[in-house]
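The values are calculated or read from the model by the stated rules, or taken from the named source; none is laboratory data. All of these numbers come straight from a predicted model, not from anything done at the bench. Using ideal geometry, Cβ is built from the backbone for each residue, glycine included, and neighbour counts are taken over all protein chains shown.
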Amino acid sequence: MVRGARQKVFLNKPITVGFSILDMSTGKLTMYQFYCDYLKVKCNEHCCLLRLFTDTNSMCCKIQTENLYEDMEESADLFDANNFEPTQPLYSKQNHRLLGEMKSKTGSTPPVEFVGLRAKMYSLSCGTKSQKKAKGIQKCFVKKHVQHDSFLRVLRNSTSTANAKFRAF
């Protein structure tokens with residue numbers, strides 16, 4: 001069942017207007033400075049860089065390089081490697097939860113495949129496990145019923161109607 005938006009809205013209460021704390025913070029600025037001042041400079045030297053998506057407080061990039069972990073080790077002060085495996089040489093609690101430090105969403109496990117369907121709806125496969133985000137769908141449903149293959153299936157088999165494009169799991 002698809003329900004359309006209301007054609008008329010009656011506003012009889014005051015609307016509070018404000019900014020999100022993330023919009024006012026330097027989080028986005030820090031992220032873009034890291035991308036422009038570190039990643040683009042580093043990757044222009046000897047590897048390929050492709051920005052897949054940016055969100056309010058995250059950025060996902062495809063980086064093709066000889067050894068990503070060696071490149072990260074050269075600038076270890078820029079990264080929070082607390083979620084890496086303790087056996088990894090980069091593992092450190094030094095920058096744990098420090099503001100402005102970049103953190104890998106997948107830890108020391110390299111991602112295998114990325115599928116982005118739309119804003120805030122993506123899956124990042126890391127072999128046996130995957131990270132899935134699907135705004136507007138309950139987290140417990142996504143966790144139990146939606147797999148990385150579901151994102152791939154939707155990407156390959158989208159259906160269209162006359163007025164709008166719908167994708168369904």
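List of remarks:
- The set of residues in segment 38-55 being in a helix (DSSP H, G or I), of a type in the set (D, E, K, R) and either assigned by TED's automatic domain parsing to the domain that holds S125 or surrounded by 11 or more Cβ atoms within 10 Å (Cβ to Cβ) (or both) consists of K40, K42.
- Hey, E73 over 25 Å from M121 (Cβ atoms) and surrounded by 11 or more Cβ atoms within 10 Å (Cβ to Cβ) or not: yes
- Those residues of segment 84-101 which are modelled with pLDDT of 90 or more and closer than 18 Å to C60 by Cα, in sequence order: F84
- Entirely in segment 56-169, the helices (runs of 4 or more DSSP H) that have 3 or more residues that are within 24 Å of F34 (Cα to Cα), acidic (D, E) and assigned by TED's automatic domain parsing to the domain that holds C43: 68-74
- Yes/no for D37 being at pLDDT below 85 and of a type in the set (D, E): no
- Only listed residue being basic (K, R) and loosely packed, with under 13 Cβ neighbours inside 10 Å, chosen from K103, K120, K139, K132: K139
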